[in-house]
Amino acid sequence: MTSAPDTAPLMLFNSLTRSLEPFQPVHAGEARVYSCGPTVYNYAHLGNMRAYVFADTLGRVLSFKGYKLRHIINITDVGHLTDDADDGEDKLEKAAAERAQSIWDIARHYTEAFWEDVRALNIRQPAEWSIATDYVPKMIEFAKSIADRHCYELPSGLYFDVSTVSDYGSLARAATEAGEGRIEAVEGKRNAQDFAIWRKTPEGETRQMEWDSPWGKGAPGWHLECSVMSEALLGFPFDIHTGGIDHREIHHPNEIAQNQAFACSHGSGARFWMHNNFLIDRTGKMSKSSGEFLRLPLLMAKGIHPLAYRLMCLQAHYRSELEFSWDNLLAALTRLKRLVMAVAALRGQAEMAGTVEHPRLQQLLGDFASAVSDDLNTAKALTVLDDVLAQKKVDAGQRLAAVAAMDAVLGLNLLALERADLRLRPSSATTDEVAIEHRLKLRKEARADKNFAASDALRDELVAAGVEVMDGDPLGWEWRIEV
Ligand code: AMP
Ligand code: ZN
């Protein structure tokens, strides 16, 4: 469809080497990516979703660069403790006990809620969602194969001895200092950073989820899950492993240690380890324990289209912290509206997308490719998209084709979204749109007749119903419902 003059090598920041490196696939023409998925004991908050917008953007860029993508995201439905450093209770067991529900019901409920958020954010479906509990037999096999050389048994489980692999924790930055002082929670651990790969069910207790193993009835450790699923579905070494920056400190160093033990090599299982920085929320609404917390359906209830959040993520670099605020989000919504209106205008002018032949557009496509190839510089890529839309003299069909190519990477659904989809419309609003439009029409007529008393009365009625009338709005919005 397009002839993007894409010559820029794809450079990605590898947390392992702390540097930008050219992406060279392990298997020619393919890109195999594993992303740590959610622990489904509660809803995903907006910060969690940033991790999947990032992984999706990476996947889209790999597809754009011509690689055949195989992306795996797991669902953790067992094994993740309340503390990443191997202390505390299983998050799912705890939630099930508190709510007197079965773990399986809890996991199903939150997995489905997560998938809804994934769809709303236009995150592409991975090749597979790997469910941790489906892989327990494989986890036991994996653990058996490394137990003799790398593990030791304690009454509470099978532990990985981190001194048996070279350079344990070299991925981590904070952990190298914090790890030293980390409290040794389990008596008998040889090193403070040793971690359980199998946790035995304590004597006299029963867990809802437990399996037989050579080390007694119990459940796998969280770190083991990702090693096993990534190896089973992608093979070692695969290309890229992703996760939030918190995983760089404990979870991923532990995965790497297991992978080295399993493969009997110094390789870390994946060539690139990539981490998105955090979404920061200073109001504290992102804490899962804070009753109503900041998650995608809350935005949607306030009438804000979910793709405004995607755009907000893309405006920042994935390795930078991003501060959440409603103002930032509303600004992203306004930007999305402008984009959608500009694309709608192009669609009005051109029957269908053409082929990009115009030299200026080809140059812009090249700039776009360079931006996303530069460690996913989506903020810059968005400004190139603005440039394409500003080329008023260039054929609309060609511009539409360029927009389509760019949106395949950005995932903003620009060719399908309608202007009205982006209207601020809180779900609690009771006024129906037809009634609003009708009153506005009557008001317009009243004003044309210079019947200002009638026009004011109609406006007051709308205001009383929570509708803000937006005369002279630069984006051409005539009304919105107040949030
Ligand atoms: P969890 O369900 O806790 O395992 O987290 C799911 C994903 O979200 C992981 O990749 C985390 O690293 C990531 N994550 C957690 N909190 C944030 C945040 N505030 N901003 C961005 N990513 C986050
Ligand atoms: Zn993981």
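The values are calculated or read from the model by the stated rules, or taken from the named source; none is laboratory data. What you see is a predicted model; the values in this text were computed from it and never measured. Note: ideal-geometry Cβ built from the backbone for every residue, glycine included; neighbour counts use all protein chains shown. Ligands, DNA and RNA are stripped out before the accessible areas are found, and what is left, the full protein with its side chains, is counted by its heavy atoms. Shrake-Rupley method; radii C 1.70, N 1.55, O 1.52, S 1.80 Å.
Observations, loosely collected:
- Count - residues of the range 308-348 that are open to solvent by less than 50 Å² (accessible area, probe 1.4 Å), more than 28 Å from Leu400 (Cα to Cα) and touching a residue at least 60 places away in the same chain (Cβ under 8 Å): 2
- A single entry from Ala51, Ala44 fulfils the requirement of being touching a residue at least 12 places away in the same chain (Cβ under 8 Å), within 14 Å of ligand 2 (Cβ to nearest atom) and among the small types (Gly, Ala, Ser): Ala51.
- Unique residue being within 23 Å of Phe195 (Cβ to Cβ), open to solvent by 30 Å² or more (accessible area, probe 1.4 Å) and free of Cβ contacts under 8 Å to residues at least 24 places away in the same chain when the list is Thr82, Thr17: Thr82
- Taking the conditions (1) of a type in the set (Lys, Arg); (2) closer than 20 Å to Ala51 by Cβ; (3) over 18 Å from the mean Cα position of the chain (by Cα) in turn, Arg295 satisfies each one other than (3).
- Summed over the range 281-307, residues that are surrounded by fewer than 22 Cβ atoms within 10 Å (Cβ to Cβ) and modelled with pLDDT of 95 or more total 1.
- Listed by position, the helices (runs of 4 or more DSSP H) contained in the range 349-422 that have at least 3 residues being more than 30 Å from the chain's Cα centre (by Cα) and not assigned by TED's automatic domain parsing to the domain that holds Val118 are 359-373, 396-410.
- Of all residues in the range 250-274, those satisfying the criterion of being open to solvent by 10 Å² or more (accessible area, probe 1.4 Å) and more than 13 Å from ligand 2 (Cβ to nearest atom) are Gln260, Phe262, Ala263, Cys264, Ser265, His266, Gly267, Ser268, Arg271.
- Those residues of the range 143-152 which are in contact with a helix residue (DSSP H, G or I) (Cβ under 8 Å, 6 or more places away or on another chain) and either closer than 28 Å to Asp56 by Cβ or open to solvent by 10 Å² or more (accessible area, probe 1.4 Å) (or both), in sequence order: Ser145, Arg149, His150, Cys151
- Segments classed as strands (runs of 3 or more DSSP E), wholly inside the range 200-298, with at least 2 members that are touching a residue at least 24 places away in the same chain (Cβ under 8 Å) and within 13 Å of ligand 1 (Cβ to nearest atom): 238-244, 270-276
- Annotation: of all residues in the range 450-477 being touching a helix residue (DSSP H, G or I) at 6+ places or on another chain (Cβ under 7 Å) and closer than 26 Å to Lys337 by Cα, the one that is most open to solvent (accessible area, probe 1.4 Å) is Arg459.
- Candidates are the residues of the range 26-68 that are closer than 17 Å to Pro237 by Cβ and touching a Lys or Arg at 6+ places or on another chain (Cβ under 8 Å); the one that is nearest to ligand 1 (Cβ to nearest atom) is Val33.
- For first residues located in the range 132-157 and touching a residue at least 12 places away in the same chain (Cβ under 8 Å), partners that are crowded, with 22+ Cβ neighbours inside 10 Å and acidic (Asp, Glu) and lie 6+ apart or on another chain with Cβ distances below 6 Å form the pairs Ala132/Asp77; Ala132/Glu225; Thr133/Asp77.
- Taken together, Leu12, Leu62 contain a single residue that is open to solvent by less than 20 Å² (accessible area, probe 1.4 Å), more than 15 Å from ligand 2 (Cβ to nearest atom), under 25 Å from Ile123 (Cβ atoms) and not in a strand (DSSP E or B), which is Leu62.
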